[in-house]
């Protein structure tokens, strides 16, 4: 499962597509972060806007299609799980969470709204500025991480303040030594997602994850399950 909005690295829309782009971290040595990819199409994000994140698989032939989609496309979503959406302003060294969805994420048949916080600094170099989706699957202990090169700017009414900062919550990384392994997330156990939870949509659109927001430090309960080896 990959990310098509914003346009992720190494997808079929990229100058350097890779057939392993939708694979989990560690598959055939695929490295973290971002699967080892560094360059891709650049997406312009506006501070304070809500971006509707979309997912993609190779079964989706029309790469520009938006939901609703025909319910006949195989998704390999492994019964869902938990997704995080994060920003990196330092060339992939650190990742700060700006949105989360649990149990029913991901799926190509719906969109996943995420607020670009209204109190973050600008980031204008797409070689150091990245947006990512990470997914902890339900049926299998696999961790996915797909990234997009971005430029993050304020809109016409934006004025940067000294207090502006990225959130403090770090992206959760599992199933990748030295982090905990054999980890999965509680999912919906369905072939197709029922879609994002309405309460979680509100949290993701209302700024609960931004610096100073009520979920800035702890985030949602990702419902992680630690399996016995």
Those residues that are in contact with a strand residue (DSSP E or B) (Cβ under 7 Å, 6 or more places away or on another chain), under 23 Å from residue 145 (Cβ atoms) and loosely packed, with under 15 Cβ neighbours inside 10 Å, I need them from the stretch 51-66; list them, please. 52, 63
List the number of the failed condition for residue 119; all other conditions in (1) farther than 22 Å from residue 1 by Cα; (2) surrounded by fewer than 16 Cβ atoms within 10 Å (Cβ to Cβ); (3) in contact (Cβ under 8 Å) with a residue 24 or more places away in the chain hold. (2)
Return the residue satisfying two criteria in turn: it lies in the stretch 158-211 and is without any contact (Cβ under 8 Å) to a residue 12 or more places away in the chain and either closer than 21 Å to residue 223 by Cβ or under 20 Å from the mean Cα position of the chain (by Cα) (or both), and of such residues it is surrounded by the fewest Cβ atoms within 10 Å (Cβ to Cβ). 198
What pairs come out if I take residues in the stretch 45-66 that are at positive phi and pair them with residues that are in a loop (DSSP other than H, G, I, E, B) and at pLDDT 90 or above whose C-beta lies under 6 Å away, six or more apart or interchain? 48/118
Could you go through the stretch 34-48 and let me know if any residue there is assigned to a strand (DSSP E or B) and closer than 20 Å to residue 108 by Cβ. yes
Of the criteria (1) over 18 Å from the mean Cα position of the chain (by Cα); (2) at pLDDT 95 or above; (3) farther than 26 Å from residue 160 by Cα, which one residue 30 fails: (1)
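The values are calculated or read from the model by the stated rules, or taken from the named source; none is laboratory data. Every value quoted in this text rests on a predicted model; they were computed, and no experiment measured them. Every residue, glycine among them, receives a Cβ derived from its backbone with ideal geometry; neighbour counts consider all protein chains shown.
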